[in-house]
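Here the structure comes first, spelled out in structure tokens, and everything after it is commentary.
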Amino acid sequence: MNSKIMEEKKVELLENEELTYLRAWDLNVIQKKNGYRFSLDSLLLAGLADLRGFKRVIDLGAGSGVLSLIIAKRFSGVRITAVEVQDEFVDMMRRSVILNGLDDRISAMKASFGELKNLFSSSVFDAVISNPPYWPSSFAKNKNMPNSEIIARYEVLTDIYEFVYVSSYLLKNRGKLFVIYPSQRLVTFVEALRRYGLEPKRLRFVHPCRHKKSEFVYVECVKGGKESVVVDPPLFVYSDSKKNLYSKEVAEIIGVKGELVDQEG
């Protein structure tokens with residue numbers, strides 16, 4: 001995107017910021033040069049989630065807003081509320097939304113998960129989509145990374161139970177929750193879902209490559225759903241772990257053509 005368009009949109013890049021272009025969706029996303037950046041799991045979640053027919057969606061823990069931006073591009077009828085607790089990411093997200101001409105469909109706001117019950121009535125959203133903090137706060141000890149990245153990746157301000165409780169509160173009956181989550185924490189996630197009336201309906205395990213154990217799992221849940229789950233075939237990220245080339249299916253999902261993996265993306 002050239003500087004003239006940025007000037008027309010009245011959008012500026014701040015120090016330690018850059019534009020990342022997502023060709024598959026013709027989107028420019030503002031993110032940090034150094035520090036927390038969106039990763040492949042966010043792109044997979046955005047590409048796998050089917051929100052056809054949904055009108056009102058909330059993105060919890062939106063970060064740079066990449067999920068909301070892609071979903072808005074993929075599904076023209078969706079209106080999205082993108083919630084993020086960190087001021088710097090809310091600001092980046094708002095500028096990205098304006099830059100991509102989606103400010104009529106995406107509303108960015110600052111709030112913690114715990115504040116949402118006071119900001120919204122119950123049962124108002126058709127869907128929740130989220131790439132939430134994955135790991136227990138104890139895992140963050142002695143991590144050499146910015147505090148903003150620790151907040152994004154670890155449960156230092158919330159935990160999976162609060163996240164699921166808030167999701168259930170916000171969702172209409174039969175509404176859907178779309179999440180990608182570490183496979184090793186799936187049991188804890190399902191326990192939280194069952195506690196707050198959400199039923200896992202579709203699972204897809206994501207593996208780095210064939211013969212490697214699953215690292216993440218894509219999960220679709222229904223509020224008030226009955227017990228019944230479909231487990232889709234596994235998704236392999238790399239076709240060749242030595243060359244770090246995306247598999248054909250992942251390349252199609254995220255809109256690349258076999259390029260080398262961006263190891264920091």
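The values are calculated or read from the model by the stated rules, or taken from the named source; none is laboratory data. Computed from a predicted model, the values in this text were never measured in an experiment. When we count neighbours, we look across all protein chains shown, and the Cβ atoms used for this are built from the backbone with ideal geometry, even at glycine.
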*Spot the failing condition for MET6; the list is (1) surrounded by fewer than 16 Cβ atoms within 10 Å (Cβ to Cβ); (2) of a type outside the set (Asp, Glu); (3) at pLDDT below 90, and only one is missed.*
(1)
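Scan VAL83, VAL57, VAL66, VAL78 and give me the residue that is at pLDDT 90 or above, touching a Gly at 6+ places or on another chain (Cβ under 9 Å) and hydrophobic (A, V, I, L, M, F, W, C).
VAL83
Restricting to strands (runs of 3 or more DSSP E) lying wholly in the stretch 37-138: which have 2 or more residues that are touching a residue at least 24 places away in the same chain (Cβ under 8 Å), farther than 25 Å from VAL222 by Cβ and not acidic (Asp, Glu)?
Working: elements: 56-60, 79-84, 106-110, 125-130.
Once the strands (runs of 3 or more DSSP E) in the stretch 37-138 are filtered for at least 2 residues that are touching a residue at least 24 places away in the same chain (Cβ under 8 Å), farther than 25 Å from VAL222 by Cβ and not acidic (Asp, Glu), what remains is 106-110.
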*VAL190 passes all but one of (1) farther than 23 Å from GLU115 by Cα; (2) touching a residue at least 40 places away in the same chain (Cβ under 8 Å); which number fails?*
(2)
*Any residue in the stretch 87-106 that is surrounded by fewer than 16 Cβ atoms within 10 Å (Cβ to Cβ) and of a type in the set (Lys, Arg)?*
no
*Determine if the stretch 11-32 includes at least one residue that is touching a residue at least 24 places away in the same chain (Cβ under 8 Å), of a type in the set (S, T, N, Q), surrounded by fewer than 20 Cβ atoms within 10 Å (Cβ to Cβ) and closer than 22 Å to LYS110 by Cα.*
yes
*If only one of SER123, SER148 is surrounded by fewer than 22 Cβ atoms within 10 Å (Cβ to Cβ), under 18 Å from GLN31 (Cα atoms) and over 16 Å from the mean Cα position of the chain (by Cα), which one is it?*
SER148
